[in-house]
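In what follows, a structure is listed as structure tokens, so that the remarks can point back to it.
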Amino acid sequence: GGMRSRHAAPAPRTPRRRPLLLERGLLQRADGSAKWVQDGSAVLAAVHGPAAAGSRKEHPERAVVEVVFKPRSGLPSSQDHEAEDVLRQAVEGVLLAGLHPRTLVTVVVQVGARVVLVARVCLQAAG
């Protein structure tokens, strides 16, 4: 057989802590709100409701969750609409929707940059 050389595995790198700013309760007209700022990215989320739903949006047995993305500029992209769907499912997963039939919960998200932060912010706003 041939000679095998053994190499020591590199030492694990300790992740660098990035400064994080999280503020809650910033918007007085919202029932819940949060702002998350990290690495130059910012996301502001507001939660409204549960409130009475119009007949077109109500469900007889649970609250309906609506998520609206407002990008930094321009119209929402297809990626924004996909993120709205993912976030709606996440909020529905933590919301006790069965306790609020015929109501609407609206989550409005103002995205300053990376969408990856959005779910964290909205769950903070809802909490």
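Consider only pairs whose beta carbons are under 8 Å apart and that are at least six residues apart or on different chains; among these, list those whose first residue lies in region 79-95 and is under 20 Å from PRO50 (Cα atoms) and modelled with pLDDT of 90 or more and whose second residue is of a type in the set (D, E, K, R) and surrounded by fewer than 19 Cβ atoms within 10 Å (Cβ to Cβ).
Here the result reads ARG88/GLU66, each pair linking region 79-95 to a residue that is of a type in the set (D, E, K, R) and surrounded by fewer than 19 Cβ atoms within 10 Å (Cβ to Cβ).
Being within 24 Å of the chain's Cα centre (by Cα), within 21 Å of VAL91 (Cβ to Cβ) and at pLDDT 90 or above is the requirement here; does ALA42 meet it?
no
Check off (1) at pLDDT below 85; (2) basic (Lys, Arg); (3) surrounded by 15 or more Cβ atoms within 10 Å (Cβ to Cβ) for LYS35 and give me the number that stays unchecked.
Of everything listed in (1) at pLDDT below 85; (2) basic (Lys, Arg); (3) surrounded by 15 or more Cβ atoms within 10 Å (Cβ to Cβ), LYS35 misses just condition (1).
Could you look through region 40-59, keep only residues that are out of contact with any Gly (no Cβ under 9 Å at 6 or more places or on another chain), over 13 Å from ALA30 (Cβ atoms) and aliphatic (A, V, I, L, M), and pick out the one that is surrounded by the fewest Cβ atoms within 10 Å (Cβ to Cβ)?
Among those residues, the one meeting the criterion is ALA52.
Keeping to region 81-98, report how many residues are open to solvent by 50 Å² or more (accessible area, probe 1.4 Å) and in a helix (DSSP H, G or I).
10
The values are calculated or read from the model by the stated rules, or taken from the named source; none is laboratory data. Since the structure is predicted, the reported quantities are computational estimates derived from the model, not experimental observations. For neighbour counting, all protein chains shown are included, and Cβ atoms are generated from backbone atoms with ideal geometry for every residue, glycine included. Please note that ligands, DNA and RNA were not included when accessible areas were found on the heavy atoms of the full protein model with its side chains. Shrake-Rupley method; radii C 1.70, N 1.55, O 1.52, S 1.80 Å.
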